[in-house]
Amino acid sequence: MSKRQFFDRHFPVRPNLEQLKNQAKDLLSAIRRGDPSAIAELRKHHPKQIEPAGAKLADAQLALARSYGLPSWPRLAVACRMTDAIWRGDAEAVRNLALRDPRLLHEAARGLPDSNWGPPMSYAANVGQDAIIEMLRDLGATDLQHAFDRACLQGRIETARRLHAMGARQWQDV
């Protein structure tokens, strides 16, 4: 059994990048004011020893991203953009993100390695975005079975049928 890592903050299923930008700005303000909990968060999650008075927005963003369990602010931003595009059914935005960085087809959409929502195809199956599932499959996404299982779990019967037609096996209780 692998150890599950816990973080100071819970990354939402549908993160909002604007809210996270505001959180980073608030964290930076608190650090600069000398707030002990904000400084402790900076020290805990930033890989370098940053003097609070010299902290920059990028430092607060990195500390915030890591407090959510993501490795960097850019990865957090991509997770927000990917999940938002999936929820909105914006296949073109999902395609552009995946084409810009093909690793995203196989990484958790939320950027968290142990996310049960899975890669973008599985994430799309959770919310019944069939057109996105088909487009991601065409781009080389391979999490067909996980996507099928997630569709079944969420009661997305039509999505599960489509995934089964693509080659997923039936979900069986063990």
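The values are calculated or read from the model by the stated rules, or taken from the named source; none is laboratory data. Keep in mind that this is a model prediction, so the values were computed, not measured. Cβ coordinates were reconstructed from backbone atoms using ideal geometry, including for glycine residues, and neighbour counts include every protein chain displayed. For accessibility, only protein heavy atoms count, side chains too; no ligands or nucleic acids. Shrake-Rupley method; radii C 1.70, N 1.55, O 1.52, S 1.80 Å.
Once the 1.4 Å probe is applied to the protein heavy atoms, the chain comes out at 56 Å² accessible per residue. The candidate values are (1) 9.3; (2) 11.2; (3) 15.5; the one derived from this structure for mean projected area of the Cα convex hull in nm² carries the label (2). Here the Karplus relation 6.51 cos²θ - 1.76 cosθ + 1.60, evaluated at θ = phi - 60°, turns the backbone of the stretch 67-72 into coupling constants of 5, 8, x, 9, x, 7 Hz, with x for every Gly and Pro. The portion of the accessible surface of the chain made up by carbon and sulfur, rounded to a whole percent, is 50 (1.4 Å probe; DNA, RNA and ligands excluded). Note on Ala53 and Trp87: the model spin-label points, each 7 Å out from Cα along the C-beta direction, lie 4.1 nm apart. For the listed peptides 40-47, 72-79, a ranking on the average number of other beta carbons within 10 Å per residue, highest first, reads 72-79, 40-47. Projected onto their three principal axes, the Cα atoms of the stretch 20-82 cover extents of 35, 21, 17 Å, largest first. Taking the Cα centre of each part, how many Å lie between the stretch 117-174 and the stretch 60-107? Cα centroid to Cα centroid, the span is 19 Å. With the simple model of a label 7 Å out from the Cα in the direction of the Cβ, Ser72 to Ala40 spans 3.0 nm.
The length gained by stretching the chain between Val13 and Asp26 to full extension, at 0.36 nm per residue less their Cα-Cα distance, is 2.5 nm.
Cross-link partners of Lys25 among aspartates and glutamates, defined as those whose alpha carbon lies under 20 angstrom from its own and excluding same-chain residues fewer than eight positions apart: Asp8, Asp35, Glu41, Glu51, Asp59. Dipole check for the stretch 84-174: with +1 at the C-beta of Lys and Arg, -1 at the C-beta of Asp and Glu, and the Cα centre as origin, the magnitude is about 80 Debye.
Normalised by the number of residues in the chain, the mean separation of alpha-carbon contacts (under 8 Å, six or more apart) gives a relative contact order of 15 percent.
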